[in-house]
1. So K195 fits all but one of (1) within 21 Å of the chain's Cα centre (by Cα); (2) at pLDDT 95 or above; what number is the exception?
2. Please go through segment 163-183 and give me each residue that is touching a Ser or Thr at 6+ places or on another chain (Cβ under 8 Å), surrounded by fewer than 21 Cβ atoms within 10 Å (Cβ to Cβ) and closer than 21 Å to Y235 by Cα, ordered by number.
3. Output the residue which, of all residues in segment 87-133 that are basic (K, R) and farther than 15 Å from G60 by Cα, is surrounded by the fewest Cβ atoms within 10 Å (Cβ to Cβ).
4. Could you pull out the residue among S199, S160, S178 that is touching a Cys at 6+ places or on another chain (Cβ under 9 Å) and over 24 Å from S96 (Cβ atoms)?
5. Within segment 202-212, restricting attention to residues that are surrounded by 13 or more Cβ atoms within 10 Å (Cβ to Cβ) and not hydroxyl-bearing (S, T, Y), which residue is nearest to the chain's Cα centre (by Cα)?
6. Is there a residue being within 28 Å of C167 (Cα to Cα), surrounded by fewer than 13 Cβ atoms within 10 Å (Cβ to Cβ) and touching a Pro at 6+ places or on another chain (Cβ under 7 Å) anywhere in segment 224-247?
7. Output the number of residues of segment 91-109 satisfying the condition of being outside any strand (DSSP E or B) and either β-branched (V, I, T) or more than 19 Å from I144 (Cα to Cα) (or both).
8. Please state which one of P190, P198, P223 is in contact with a helix residue (DSSP H, G or I) (Cβ under 8 Å, 6 or more places away or on another chain) and touching a residue at least 40 places away in the same chain (Cβ under 8 Å).
Amino acid sequence: MHIRTGSRSNGLCGLAAALVIASFCPSIAAAEPRLGDTAPQASRPGWKLVWSDEFNAADGSLPDSGKWTFATGGGGWGNHELEYYTARPANAHQQSGNLVITADSESFTGPDGVTRAFTSARLKTAGKFSQTYGRFEARMKLPIGPGMWPAFWLLGDDISQAGWPKCGEIDIMELVGSAPSTILGTIHGPGYSGKAGPSTKYTLPGGKRFSDDFHIFAVEWEPNVIRFYVDDVLYTTRKPADLPGGTRWVFDKPFFIILNVAVGGDLPGPPDSTTVFPQTMLVDYVRVYARP
């Protein structure tokens, strides 16, 4: 993903929010429940759970404002994205034990006067939670289709001072919707940003798609190493030796979490006539662990 942050929170919840959601987008009122046993794990071997969101609030509730803020706006976010990120429950709410982020095709004009043909949501833990090192994981079911660009990623806490890419970025998972079986794991920093960021693909076997079921995406981040996983399968490892000559490893400070679904942008390109809207990203949980 790419950058530029901003935040605004909203206050609808409970039944009122559910009614708003149904009026905006009836098709997401019966979001698919999460699958399997996803009770919080107090620990993984060698790790201790230190922060999580299980998204178990009442149906229609907005994301927990004690853990997340909305980044809103339609300025393209440095990637020529086409959506307007809103703080409406129509674009982000909790349902059946999941966070539901919905990208939709609709004309929307924000309070800044910007009008876009698509809406979606972008959530971040900046100012609420950040951590240096640890295991960051989320169990998710992803949207698909040309122009869709879901992501689970981390940004350096010092972005407002250092700027991007000096702050650093860890893309735990991003998917180009026209390639629904493949995700990318990437790092970005000064001198290795954009297409120069070291990146590795992971493709599901047997033609399965990341929209067909939930999968666990994770990184284990320790001094001078970041390991990338899908469903506990290690598929790549990044170390300072992987960076271009003369560049600097910046992954030694606190990072915060971002979840979003972009529409269009430099990586996926725009939606086309085959893209079906609305598209939803379901997040069963986000969990962060540290070494005990």
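The values are calculated or read from the model by the stated rules, or taken from the named source; none is laboratory data. Because the structure is a prediction, the values reported are computed rather than measured. Neighbour counts run over all protein chains shown; Cβ positions are idealised from the backbone, glycine included.
1. The single condition K195 does not satisfy is (2).
2. V176, P180, S181, T182
3. K128
4. After ruling out the rest, the residue left standing is S160.
5. Only one residue fits best here, namely F210.
6. yes
7. 2
8. Numbers: P190 fails: in contact with a helix residue (DSSP H, G or I) (Cβ under 8 Å, 6 or more places away or on another chain); P223 fails: in contact with a helix residue (DSSP H, G or I) (Cβ under 8 Å, 6 or more places away or on another chain).
Answer to the selection: P198.
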